[in-house]
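S.K.: What follows is a structure written as structure tokens; I'll ask about it next.
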Amino acid sequence: QVQLVESGGGLVQAGGSLRLSCAASGSIFSVNAAGWHRQAPGKQRELVASITSEFSTKYADSLKGRFTISRDNTKNTVYLQMNSLKPEDTAVYYCWWCVSSRAYWGQGTQVTVSS
């Protein structure tokens, strides 16, 4: 019903930036929210950022000021701008959309930050 395609991951040096994209297609109606989780090796998946249909945003406390989530409704795409990246940001990043109260997940994209 809803398909998500992630892009933008890669390897970057500490202090660098990446922008992740999550493009949605299909039956995209009644979008409740969208966002990103990440999962580092040996750790639980954790919320990175979210954005509601009213464009209200929320971030993990440790990421405030470095990460910015945004949404382009005309392109059905959510973006995660990641600045001042740190090695501890290394993880697989998974985007998600909540559509009609059902969660859809992207395939994940690897972000690796070298020291």
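S.K.: For residue 58, which aspartates and glutamates qualify as cross-link partners when the Cα separation must be under 16 Å and same-chain residues fewer than eight apart are set aside?
M.R.: Of all the aspartates and glutamates, those that pass the test against residue 58 - Cα under 16 Å, at least 8 places apart if same chain - are 46.
S.K.: Per-residue HN-Hα couplings for segment 99-115, Karplus 6.51 cos²θ - 1.76 cosθ + 1.60 at θ = phi - 60°, whole Hz, x for Gly and Pro?
M.R.: Karplus-based 3J(HN,Hα) across segment 99-115 equals 10, 6, 6, 10, 8, 10, 10, x, 7, x, 9, 7, 10, 10, 10, 8, 8 Hz.
S.K.: How much of the accessible area of the chain, in percent, comes from carbon and sulfur atoms when a 1.4 Å probe is used?
M.R.: So the carbon and sulfur contribution to the accessible surface is 47 percent.
S.K.: Give the separation of the Cα centroids, segment 77-115 to segment 19-48, in Å.
M.R.: 6
S.K.: Write down the Å³ per residue value for the convex hull defined by the alpha carbon atoms of the chain.
M.R.: Working: hull volume 10.9 nm³, N = 115.
Per-residue hull volume (Cα only) is 95 Å³.
S.K.: Compute the accessible area per residue over the chain, keeping the other protein chains in place, probe 1.4 Å, unit Å².
M.R.: 53
The values are calculated or read from the model by the stated rules, or taken from the named source; none is laboratory data. Not measured: the values here are computed from a predicted model. Calculation scope for accessible area: heavy atoms of the full protein, side chains included, ligands and nucleic acids excluded. Shrake-Rupley method; radii C 1.70, N 1.55, O 1.52, S 1.80 Å.
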